Structures are given as C-alpha cells and as structure tokens.
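One structure is given here, and the rest of the page talks about it.
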Amino acid sequence: DCEFTALSTQILYLLGDLGPGTSAPARYIRFVYNRVILEHAAVRAAAVSTLAKFAASVPSLRGSIMTLLKRSLVDEDDETRDRAAIAVNVLSLAMEKNPFVPRADDANPEDPDVSDVPCADDTAAYLLLDSLPMSFDKLERSVKAYISTPGTMDAASPVSFSTLPIVEDVIEDSSEVAGNDFSSNNLDLIPSSGVAPKKKKIDPAAAVYAIPELASLGRVFRSSVPVPLTENETEYVVTCVKHILPDHVVLQFSVQNTIDDQRLDDVTVAVEGGDGLFEATGEISSPSISYGETKSCFTVLQRDVNQVLSTTSFTCELRFTVVSVDSSGEELGDSYEEEYPLEDFEISTADFMAKVGVSDFRRSWESVGNGNEILEKFGLQFKNIEDAVTAVIDFLGMLPCDGTSTVKSGTGKPHMLHLSGVFVGGSTVLARAQIIMDGSAGVVLKIAVRSEDVKLSRLVADCIR
C-alpha cells in the first residue's frame, strides 16, 4: 500500500518485469489485482499493464488473468479500459494460436520445463513484453522522414522498422541523455499532465530532397549541426551543414549577405582537399542573394568506400559575382567577380555516427557480446574529468546514456561513461569509457567499443585523438 502514485506505478512496473521469472509467479496476481480494485485511475492502468505482462510471460496463467482483465473493460477510466482491451485482444489471439499444453506427468523432473514458456512466435510476448525499437516521438519523426524521401512512397517493399530512416535523439538540455528516452512498450506509458508542448522538429535533409539532382543521390543518413565558417560580424556570414549519405557527403553552405548596396549572384563554395578519400563531384549555386537574405548553395563530395574513414580537412572559398544596387534593390550597372576566403573545416568519422540511444544500455551491451570488442587506453591532455567527458563524447559522436554525461564533482572516483550510436549503414555501436584523474599522468581514458563488426569497433576506438 502506498499513497504516492508515481511510486506505486514504478513498483507495479518492477513486478511486471521480475515477477514472472520467480518460482511462483501466480502468488503475485492477487496483490496486483487488488490495485485494480482499490486504487485510483493511474495505478489501475499500471496494474492492468502488469497483469498483461504476467499473462504474456507465463502461458499457464493466461486463462485466469484473462478473466480479471475482462472486468477492467468496463472501468470508468478510459486509459485503463484501453489497456485492458489491448491486452485481452492480444492474449485471446495468442491463446487461440498457441494454446497452453501442460507438462506431461511422466516427464523427467530433472529436465527443464519449457511448457510454461512463450513459444518463439508468440504474439503476446512480442507485443506486450518487447520494447519498441524507438520511442513514439522518434517513430513519428522517422515516418515523416521516410515520407519526405523522394521515391519511397512508390517502392514495392513494405514499410518496417528496418526500412525506416535512422533519426537521432534530441537532447533538450546538456544534462538530458538517452537514458531518459524511455522506449517502453505500448502498455507501459503512464498518463501525465501539464507537459509543455514540444517544439516542432524540422528535418535538415528537406533542403537536399528539394533539389532533384541531390535527391537522386539517395536517403540522407544524418545531418550535422551548422558549422560556422566565418565570424558573425563579417560582411558575409557562412555556415556549413554536412549531410551524410552512404556514398556521398552533401555540403550545404548557408550564406547571409549583410552589405546593403550589394547583391550576390551565382554564389558557390569551392572546396579543396579530401586526401583521396573524398572528391568534389558537383556544385549547385545560389542564383542570387540580396541584402539581409540567407540562401544556400551545395557542394557534393563523392566518398571512396574502399578507403578507411579518417578525419579529413578541407579548405574552402566563397565565390560569387557582386552586383551594385541602390536602396530599392535596382541594379546600378557595376558588377565584378569576387572570392572570399572561409575557415577550414573537417569531416571526421564521428560525422558518420548517428546519436541514437538505447532503452537499456546494460542489456544492449550484454546482447552485443565481446566477440568484436576493442579495448584501448589513452592519456588525454585535459585538466579535469568534466572537460575530458565532453571531449570523448565529441570525438566519438555518440549519445551518452543513463545520465553518464554528468560528472559528480568532488568524489575523486573514476567516472563511467556509457555511449551508444548507429553508424552509417545501420550498425549499432556501444562504448563504455572509464575516465580517471591521475595526479602524475593527467586524465587517463580506458575505453571498450562493441559492435557487429570488429573493423567498425576499431574505427570508432581510433576516433580518440
């Protein structure tokens, strides 16, 4: 018994996870159902979800739990009714497809009892126990990105989680991490009120898809944050967004004209460098940028997929034709070609890593296994652990999990950092880093990287520099 709703729902959630695995799971059913009878709406809804988990996990209990769940179909709370309706429908189909068959009386008692375990194709276990691969917010953004990609709606293949685009987790605050992205199943959502409306998220790749020549290159895997290539006070303010595709990188240069008596025509950015890993293969200019306007031009880089990714530097130069205009924007007749040097920029391995969190880092870490694990130790030139943690996150381009991006000050203990991400091509990458402040050696980093491919694990570990 507890008068705190949040605590009660968390206890019920814990029971739903651990109770079915105990030696006598049936003993918990009465205590859970008492919450359906005695508590208010939020706790009743959580209790219904817990009963559904017990039924999905223990086939021998499905018949009795179904009787209890059907009583909640007439509950006065719509959330409780909806959860009960989903559970009853899913369990009914599962019981019809895979009816429970008790263990034979003459079975060897030393053999494990597999009769009371959901079968491999059990729909109830899949729908009620397995978490969604992504949160509902990310699912919405992924579907929108799928729809906006040219040609996908005409494809003959069905839509599935594997065909949806990867979308990155959005960190609202530096202290918020992927560990707080509760990617729970359909029945684990707890009603809440007073939540501020979320800001509308705009897909940066929409600028690429709007141009047919660029859209033909394929789906954008991820887009970087804008990188400034000039100071904000200069006459031409330029930023660069790196759109990552499997075989290309599309550079979007946003150019702002701050000179009132000039119009910039045929604006492009010439890019040099690449060290053989990247080659500039095309440009799309901005026809005209008047005073106060910000418009984009694009440069396409072809990536040599046979070479190993590494940090590559580029020099770039803004090129355009200056047209003199009066205060009304009318041409005065004078025009000339101009070149304006920009800051150098880099394309690193981290640019090909999408910041995607996992709902349970420990479980994900163990499921990947250590078959392709890479272990490394580095000495970092930082004066404190906080700066080292920020740098490691930036080097790898991954998302910190479980709140490990926040360092507790004054403890003097090593800090553990958990990171997750998805590399271009769809491979999940996980990393565990221990950061220690050594009085004589400075900051020492010990890192383990796991993925489906040992070459990928090595590539990510080598991002530390």
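Tabulated results
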{"item": "Net dipole in debye of the stretch 253-380 [+1 Lys, Arg Cβ; -1 Asp, Glu Cβ; about Cα centre; nearest 20]", "result": "1060 debye"}
{"item": "Ranked order, R141, R362, R71 - accessible area, probe 1.4 Å, largest first", "result": "R362, R71, R141"}
{"item": "Out-of-range pairs (alpha-carbon distance over 27 Å; input K377/K408; K242/K295; K242/K377)", "result": "K242/K377"}
{"item": "Within the stretch 325-355, GluC sites (Glu not before Pro) in DSSP loop having at most 14 other beta-carbon neighbours inside 10 Å", "result": "E330, E343"}
{"item": "Reachable aspartates and glutamates from K446, criterion Cα separation under 20 angstrom, eight or more residues apart if same chain", "result": "E366, E373, E376, E386, D387, D394, D402, D438, D462"}
{"item": "Relative contact order of the chain, defined on C-alpha pairs under 8 angstrom at six or more residues apart (%)", "result": "10 percent"}
{"item": "Two-decimal log10 I(q)/I(0) for the chain, as the Debye equation yields it once each C-alpha is a single scatterer, q = 0.09, 0.10, 0.12, 0.13 Å⁻¹", "result": "-0.79, -0.92, -1.15, -1.24"}
{"item": "With DNA, RNA and ligands ignored, accessible area of I37 (1.4 Å probe; Å², nearest 10)", "result": "100 Å²"}
{"item": "Most to least accessible of H418, H40, H243 (protein chains only, probe 1.4 Å)", "result": "H40, H418, H243"}
{"item": "Gain in span if fully extended, E343 to V101, counting 0.36 nm per residue against the direct Cα distance", "result": "80.0 nm"}
{"item": "Using alpha-carbon coordinates, inclination of helix 78-97 to the longest axis of the chain, degrees", "result": "70 degrees"}
{"item": "Ranked by how many other beta carbons lie within 10 Å on average, peptides 284-294, 227-237 from highest", "result": "284-294, 227-237"}
{"item": "About the Cα centre, charge dipole magnitude for the chain (Lys/Arg +1, Asp/Glu -1 at Cβ), debye", "result": "2420 debye"}
{"item": "Normalised contact order of the stretch 397-437, rounded percent, pairs of Cα under 8 Å and 6 or more residues apart", "result": "39 percent"}
{"item": "C-alpha center-to-center spacing [the stretch 269-287, the stretch 360-384] in angstrom", "result": "35 Å"}
{"item": "10 Å-binned pair-distance histogram of the stretch 5-164 (Cα, whole percent)", "result": "10, 32, 29, 19, 9, 2, 0"}
{"item": "Residue (of V325, L456, F314) at the positive-pole extreme of the stretch 309-465, dipole from beta-carbon charges", "result": "L456"}
{"item": "log₁₀ of I(q)/I(0) at q = 0.23, 0.24 Å⁻¹ - the stretch 196-303, Debye sum with one point per alpha carbon", "result": "-1.29, -1.35"}
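The values are calculated or read from the model by the stated rules, or taken from the named source; none is laboratory data. In this text, all values refer to a predicted model and were calculated from it rather than measured experimentally. Every residue, glycine as well, gets a Cβ built from its backbone with ideal geometry; the counts of neighbours run over all protein chains shown. Accessible surface is based on the protein model in full, side chains and every heavy atom, while ligands, DNA and RNA are left aside. Shrake-Rupley method; radii C 1.70, N 1.55, O 1.52, S 1.80 Å.
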